[in-house]
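First comes the structure, then the notes that go with it.
The values are calculated or read from the model by the stated rules, or taken from the named source; none is laboratory data. It should be emphasised that the depicted structure is a prediction, and the values quoted were computed from it without experimental measurement. Virtual Cβ from ideal backbone geometry, glycine too; neighbours counted across all protein chains shown. SASA here: full protein model, heavy atoms, side chains in, ligands and nucleic acids out. Shrake-Rupley method; radii C 1.70, N 1.55, O 1.52, S 1.80 Å.
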Amino acid sequence: MAALKIANVNWQSKLNKAAHHTSDYSSTEAILRRGQAFNITLHLQTMVQSGDNFTFIASTGPSPAESQRTKAVFNLSEEGASGWSATQEPSEPGCLNFTIFSPANAVIGRYKLKLQIVSGNKVSSTLLGQFVLLFNPWCPNDDVYMANEKERQEYVLNDSGIIFQGLEKYIQQEAWNYGQFEEDILDISLAILDRSLNHRQDPAADVSNRNNPIYVNSNDEKGVVEGKWNGKYCSGTNPLQWSGSVTILRKWYRGRYKPVRYGQCWVFAGVMCTVLRSLGIPTRVITNFNSAHDRNINLSIDKYVDISGKTLHLTEDSVWNFHVWNESWFIRRDLGSFYDGWQVLDATPQERSKGIYQCGPASTRAIKEGDVNLDYDSSFLFAAVNADYVTWIHYSNKRKERIYSDTRKIGKFISTKAVGTNSRVDVTANYKYPEAGSLKERQVYKKALKLLAVRSTGKRTKITRRRRRSSVAWRQNMTQPTQKPSISGKLVLDASPVIGQDILLTLALRNLTSDFKNIRVKLRASAILYTRRPKAEILQLSRSVKLGSEEVKEISFKIAYSQYKNSLVDDRKILVTAVCETKQGASLLVEKDIVLQDPFLTIKVLGPTVVHKAVNVQVTFTNPLSEVVTDCVLRAEGSGLIKDQLRINVARMAPMESSTVQFEIIPYKSGTRQLQVDLVCIHFSDIKAFVMLDVAPA
């Protein structure tokens with residue numbers, strides 16, 4: 001009896017990809033989602049014999065084993081112990097059609113599928129091919145199931161987005177090209193899993209755990225991107241110049257897994273969003289304004305300034321203008337259904353957790369309820385959105401005075417992109433109870449403090465002991481009386497601050513009492529990073545002001561372009577402080593963060609956008625400086641529009657001169673597409689703009 005011979009295997013790519021919502025992947029490989037049936041057709045060279053028995057074997061990882069759930073053996077019309085099954089469907093002569101079903105908790109990754117045929121005494125085995133199995137947000141039994149179709153379209157299938165940056169009072173939109181469906185990106189995402197610390201230590205156990213989104217989210221990925229927050233970026237790319245994940249991931253992959261230089265928080269979050277969406281986990285990017293970095297986890301951020309307003313680094317705590325992380329959607333079998341839903345993952349390497357740089361996944365519900373005793377860094381993330389902010393003036397005689405305690409400054413306007421549009425959605429209520437007129441927020445805060453105190457008693461490490469001492473010291477400091485303020489002040493911009501122009505400011509001081517006040521004012525301006533770390537002093541001024549009973553007076557001053565142009569860092573941020581002292585010894589600190597605005601860059605698409613049809617794009621921009629600008633490069637990218645990043649050299653521009661550049665794009669995917677344009681120049685930090693295009697099918 002001749003053994004059954006297979007001529008070829010049809011993986012029904014178009015049919016399966018449509019059913020599994022994987023049509024957008026730029027791959028000829030079968031890409032499927034778990035918990036869902038798929039179809040294959042075998043074209044035969046010989047006839048099937050009546051006694052032939054078929055057994056399928058699906059396997060993944062370097063050491064497939066049924067005990068590890070990385071190998072499944074299943075017969076026709078019979079569900080295997082692993083939950084995999086196969087049925088034979090009606091077919092044309094000379095063909096065999098099969099429907100194969102994977103369980104909703106299957107390990108994700110690249111599989112081999114074999115068919116074992118028993119014909120009489122003969123056993124033959126044929127490799128049918130390979131397929132990639134992903135998480136399935138469309139499957140109700142998958143841990144990542146998301147019920148809302150519009151949300152699935154946004155958090156799984158949208159390959160572009162918005163990352164919010166700036167200041168709480170000046171929130172900016174930055175376009176980001178996730179590009180999770182671009183060529184090679186899924187392969188690279190799987191390679192990241194294979195480069196993890198867990199995989200290097202025990203590959204078989206690591207692959208076995210890849211059925212669990214918690215495990216995949218908490219993997220240490222050995223650094224796709226290398227972080228850098230100050231200094232020069234000569235040996236790499238300035239983090240501000242990245243516009244998407246595709247270039248970064250390909251550079252990491254083609255560079256033999258060497259971390260790409262350099263990234264900061266939005267870069268880490270953008271790349272992580274790409275990887276998790278490509279694997280099928282619903283993921284979004286979150287921006288937290290006034291984000292606390294609480295190194296000693298005492299839920300207090302102490303800021304020290306000297307009497308001139310200069311920031312003193314007497315603590316490792318800090319407050320960043322903004323910090324960006326990710327949220328992924330899945331259920332928490334480890335914590336209980338109360339904690340299901342959005343889970344925070346912070347990919348920026350800030351602190352070690354369990355010996356490696358990782359943070360999360362922490363349930364947003366746990367953060368909101370102050371459940372800081374739970375695993376996955378919930379205490380660090382609770383502090384990021386809910387720590388108290390305490391300001392001290394440190395005098396030269398080592399005396400310090402606590403002048404301000406703010407319970408509302410940290411964790412403002414927590415933002416993400418809206419579903420289906422580029423508008424901003426405020427998700428602060430997911431992280432904490434209202435801070436204005438709500439007792440619940442303070443109750444949760446006190447609960448978190450108690451839980452941290454309990455955690456730090458008994459057997460503890462050196463770092464836990466240090467945290468507890470800091471927490472006790474802070475509680476003692478908070479009991480010290482703070483004088484009721486006798487003066488108030490506010491720094492106001494007289495006009496929108498634009499790079500290349502002078503900055504005009506006014507300090508308005510008000511006497512809150514009926515007593516005469518003689519006030520010494522020390523004004524200081526510093527160029528800062530978005531982490532609020534000062535990089536260069538720009539301006540120092542001293543003034544004296546006399547205030548009568550409940551009188552208001554204004555001090556106007558300017559920061560000239562000539563004063564800040566050589567000090568300004570790429571973040572284009574300036575911190576202005578005013579320390580105001582009365583003869584009675586009372587002190588007031590007034591601060592203002594300033595972001596210098598970019599000159600406008602406009603994008604005009606000169607015709608309809610249709611798949612496979614060329615269309616011209618015109619970009620116009622103006623040199624904002626009072627000096628000649630040379631050596632600029634215009635860059636453009638966009639998934640579905642441009643295969644590789646486009647780079648165009650820009651000619652010399654005279655002061656305040658406008659320039660226009662035209663280039664051609666040929667869209668290769670239909671639907672709503674994001675075109676990003678970025679002008680990079682050594683004279684000023686990059687200027688970005690984007691436009692959304694509706695690309696018609698060919």
Task: Degrees separating the helix 265-278 axis from the principal Cα axis of the chain, which is the longest one - done: 20 degrees
Task: Dipole-positive endmost among Trp84, Ser13, Ser125 within the stretch 1-144 (Cβ charges, Cα centre) - done: Ser125
Task: Solvent exposure of the chain as accessible area per residue, Å², 1.4 Å probe - done: 43 Å²
Task: Within the chain: Cβ-based charge dipole about Cα centre, in debye rounded to nearest 20 (Lys, Arg +1; Asp, Glu -1) - done: 2740 debye
Task: Under-5 Å amide H pairs with Asn422, H placed in peptide plane, nonlocal only - done: none
TODO: Compute the label zone of Ser567 within the stretch 301-333: residues whose backbone N is under 14 Å from the point 7 Å along Cα-to-Cβ.
DONE: 309-311
Task: Efficiency of FRET from Cβ geometry, Thr660 and Ser438, R₀ 51 Å, rounded to 0.05 - done: 0.45
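What is the sum of charges, Lys and Arg at +1 and Asp and Glu at -1, for the other residues whose Cβ falls under 13 Å from the Cβ of Ser423? If you can, show how the numbers build up before the last one.
Values: positive: Lys417, Arg424; negative: Glu154, Asp426.
Here the count lands on 0.
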- [ ] Roll a 1.4 Å probe over the protein heavy atoms and report the accessible area of Trp252 in Å², nearest 10.
- [x] 0 Å²
Task: Simple spin-label estimate for Asn230 and Asn75 in nanometres, 7 Å along Cα-Cβ - done: 7.0 nm
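Going by accessible area, probe 1.4 Å, with all protein chains left in place, what is the ranking of Tyr145, Tyr561, largest first? Mind dumping the intermediate values first?
On the way: Tyr145 75, Tyr561 25 Å².
From most exposed to least exposed: Tyr145, Tyr561.
Starting from the residue with the highest accessible area, list Tyr564, Tyr395 in decreasing order, probe 1.4 Å. Mind showing how you got there, number by number?
Numbers: Tyr564 0, Tyr395 25 Å².
In descending accessible area the options line up as Tyr395, Tyr564.
For Asn397 and Lys150, compute 0.36 nm times the residue count separating them, minus their Cα-Cα distance, and round to one decimal in nm. Don't skip to the end; give the middle numbers.
Values: separation 247, 0.36 × 247 = 88.92 nm, distance 6.12 nm.
Extra length available between Asn397 and Lys150 comes to 82.8 nm.
Around Val633, with a cut-off of 9 angstrom between Cβ atoms, what is the net charge of the other residues, counting Lys and Arg +1 and Asp and Glu -1?
On the way: positive: Arg635, Arg647; negative: Asp631, Asp678.
Result for the local shell: 0.
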- [ ] Would you mind calculating the gained length between Ile682 and Ser670 on full extension (0.36 nm times residue separation, minus the Cα-Cα distance), in nm to one decimal?
- [x] 0.7 nm
Task: Under 9 Å, Cβ to Cβ, from Ala384 - net charge with Lys/Arg +1 and Asp/Glu -1 - done: -2
Open item on the list: Give the lysines whose C-alpha is closer than 22 Å to that of Lys565, dropping any in the same chain fewer than 8 places away, or say none.
Closed with: Lys232, Lys310, Lys535, Lys573, Lys592, Lys688
Task: Trp266 accessible area, 1.4 Å probe, all protein chains in place, Å² to nearest 10 - done: 10 Å²
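Given a 1.4 angstrom probe, I'd like the percentage of the accessible area of the chain that is carbon and sulfur, rounded to a whole number.
48 percent
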Open item on the list: Strictly under 4.7 angstrom between C-beta atoms: which cysteines of the chain have no such partner?
Closed with: Cys95, Cys139, Cys234, Cys265, Cys273, Cys359, Cys580
- [ ] Heads up, I need the accessible area for Leu128: 1.4 angstrom probe, whole protein in place, Å², nearest 10.
- [x] 10 Å²
TODO: With a point put 7 Å past each Cα toward its Cβ, work out how far Ser13 is from Ser626 in nm, to one decimal.
DONE: 6.1 nm
- [ ] Specify which residue in the list Met47, Ala3, Gln36 is farthest towards the positive end of the charge dipole of the stretch 1-55, using unit charges on the beta carbon of Lys, Arg (+1) and Asp, Glu (-1), about the Cα centre.
- [x] Gln36
Task: Where Glu316, Glu151 fall by accessible area, highest first, once all protein chains stay in place (1.4 Å) - done: Glu316, Glu151
Task: the chain, helix-only ellipticity at 222 nm - DSSP H runs n ≥ 4, -39,500 (n - 2.57), divided by all residues, nearest 500 - done: -4500 deg cm²/dmol
